[in-house]
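*Asks:* First the structure, then my questions, so here it is.
The values are calculated or read from the model by the stated rules, or taken from the named source; none is laboratory data. Note that the coordinates shown come from a computational prediction; the quantities given were computed from them, not determined experimentally. A quick note on method: Cβ atoms are made from the backbone with ideal geometry, for glycine too, and the neighbour counts reach across all protein chains shown.
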Amino acid sequence: MTTVSPREPGRSGSWADHRDGPFPCLDAFRALAAAAVVAAHVAFWTGRGSQGPFAATLARLDVGVAIFFVLSGFLLFRPWASAACRDASHPSTVSHPDTAGYLWRRALRILPAYWLVVVACLLFLPDNAGQRGALDWFRHLTLTQVYGLGWQRHGLTQTWSLCTEVAFYLALPLLAVIVLGKTGWHPRAALAALSAALVVSVGWHLIVGQWELDARVAGQWLPGYLGWFAAGMAMAVVSVQIQHRSGPAGSRWRLVDEVAAAPWACWVAAAAFLAVAATPLAGPRDLASPTGGQAVAKNLLYLAVAVLVLLPGIFGPQHEGVTRRLLSSRPAQWLGEISYGVFLWHLFVLEGVVRLLDLELFNGSWTQVFVLTWAGSACLAAASYYLLERPILRRRDTIRRLGSRLRSTPARETAHSA
């Protein structure tokens, strides 16, 4: 659920602004993914994920998480891929992204808004009244609640994916070294290395199923979703190769541009994979643990959906056609800007909507609850974005410089006293 501005290699900003860059449509896909996650959770709460028209499809709209993860892999890894390509072209120039700066910007983008939601959920949701101990605060504030059964609290269960994504953030600098090597630009070797990540994901789900580990815990950890991030990283490799090295139209690397030039064909194919995922092949639609084979099938089907959905937003003529103009419009970009907040707040709002309408679990109108939940989440997300997130992002370099000066002050004082 994160992105990085392509205008600033190495400067990462989850849910960043792309309207001036080469990927103007990506904000719209973030908004779409966030809405899909909200729709899936509303379907579960109202019972529409288990019965009624399109129940299976509504239940599988948690595919929005796969879209977030693939998008994160693409935009966060692309600065490393671009730097490797530039360094290979100009060996005397070293332009690798600043890892410390990258991690600092990740923390500033993700944590303040997340911590605000944690405080709101633990303090104000009645079902969390008896679960506000020191360990509850510690686990959620450090994004470690996913590493144990029964640690996730009301209004915050969706943040398992944020825990997994933060694990990817921390692993990315090492993964970049493994995938790209230390010298040269070898895109085919990078793609081969990234394909191994998909094997890791498949193997992880099979191990969880074979050893009968609790899929609600181990099934949510990074190894099980490394293939989704790796797919985005592979798209970044191809994107950089096309931009800097592919040569004239018609080269094999540019075949992906030709496919992406027909966005509706990609999205129809994505819908077909989602339809397959809505069958029992992808496992149960409730909270029951899937078998290893079902988990693998769901993982791969969701991966196919996410890649096909995002393909036209990354490749092809990004500034041509009515569809792309709509996706890159200011309203679509604004929805993308607040989509992180929508993701964070929607379960908090959903619990409020359910209480307001006096609904029992697995009852109620999906349409009514979805509209109220999304609208309420968007309002809180907008307030968070304008009052907290954007001001911090605008001052992130100032904050970092201030922190550096504060850390160096004791050393200077010691030197003077000596």
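Matching residues to (1) in contact with a strand residue (DSSP E or B) (Cβ under 8 Å, 6 or more places away or on another chain); (2) within 26 Å of Trp228 (Cβ to Cβ); (3) in contact (Cβ under 8 Å) with a residue 24 or more places away in the chain; (4) surrounded by 12 or more Cβ atoms within 10 Å (Cβ to Cβ):
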| position | (1), (2), (3), (4) |
| --- | --- |
| Gly130 | no, no, no, no |
| His140 | no, yes, no, yes |
| Tyr147 | no, yes, yes, yes |
| His154 | no, no, yes, yes |
| Trp160 | no, yes, yes, yes |
| Pro187 | no, yes, yes, yes |
| Leu194 | no, yes, yes, yes |
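*Asks:* Here is a follow-up. Among Val259, Val240, Val296, Val276, which is more than 26 Å from Phe77 (Cβ to Cβ) and either of a type in the set (Gly, Ala, Ser) or assigned to a helix (DSSP H, G or I) (or both)? Spell out how you get there, then give the answer.
*Replies:* Details: Val259 fails: more than 26 Å from Phe77 (Cβ to Cβ); Val240 fails: more than 26 Å from Phe77 (Cβ to Cβ); Val296 fails: more than 26 Å from Phe77 (Cβ to Cβ).
When all the criteria are applied, what remains is Val276.
*Asks:* Please specify each residue of segment 304-350 satisfying the condition of being touching a Phe, Trp or Tyr at 6+ places or on another chain (Cβ under 7 Å), closer than 29 Å to Val199 by Cα and crowded, with 23+ Cβ neighbours inside 10 Å.
*Replies:* Val305, Ala306, Val309, Leu310, Gly313, Ile314
*Asks:* Whether any residue in segment 135-142 is assigned to a loop (DSSP other than H, G, I, E, B) and over 30 Å from Cys25 (Cα atoms) is what I want to check. Quick ask: steps written out before the conclusion?
*Replies:* Keep residues of segment 135-142 that are assigned to a loop (DSSP other than H, G, I, E, B), which gives 142.
In the following step, the residues that additionally are over 30 Å from Cys25 (Cα atoms) were identified as 142.
Yes, segment 135-142 has at least one match.
*Asks:* Right, something else. Before we move on, is Ala176 surrounded by fewer than 18 Cβ atoms within 10 Å (Cβ to Cβ) and assigned to a helix (DSSP H, G or I)?
*Replies:* For Ala176, the condition - surrounded by fewer than 18 Cβ atoms within 10 Å (Cβ to Cβ) and assigned to a helix (DSSP H, G or I) - is not met.
*Asks:* Just a yes or no: is a residue in segment 222-231 surrounded by fewer than 22 Cβ atoms within 10 Å (Cβ to Cβ), modelled with pLDDT of 90 or more and either under 30 Å from Arg153 (Cβ atoms) or not acidic (Asp, Glu) (or both)?
*Replies:* Checked against the condition, which is being surrounded by fewer than 22 Cβ atoms within 10 Å (Cβ to Cβ), modelled with pLDDT of 90 or more and either under 30 Å from Arg153 (Cβ atoms) or not acidic (Asp, Glu) (or both), segment 222-231 yields at least one hit.
*Asks:* Considering segment 264-281 alone, what residues qualify as being surrounded by 15 or more Cβ atoms within 10 Å (Cβ to Cβ) and either modelled with pLDDT under 95 or among the aromatic types (Phe, Trp, Tyr) (or both)?
*Replies:* Once the filter is applied, which keeps residues that are surrounded by 15 or more Cβ atoms within 10 Å (Cβ to Cβ) and either modelled with pLDDT under 95 or among the aromatic types (Phe, Trp, Tyr) (or both), segment 264-281 yields Trp267, Phe273.
Here is a yes/no grid of residues against (1) under 27 Å from Val177 (Cβ atoms); (2) in contact with a Pro (Cβ under 7 Å, 6 or more places away or on another chain); (3) surrounded by fewer than 24 Cβ atoms within 10 Å (Cβ to Cβ):
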| position | (1), (2), (3) |
| --- | --- |
| Pro24 | no, no, yes |
| Phe29 | no, no, no |
| Ala35 | no, no, yes |
| Gln51 | no, no, yes |
| Ala55 | no, no, yes |
| Gly64 | no, no, no |
| Phe68 | yes, no, no |
| Ser72 | yes, no, no |
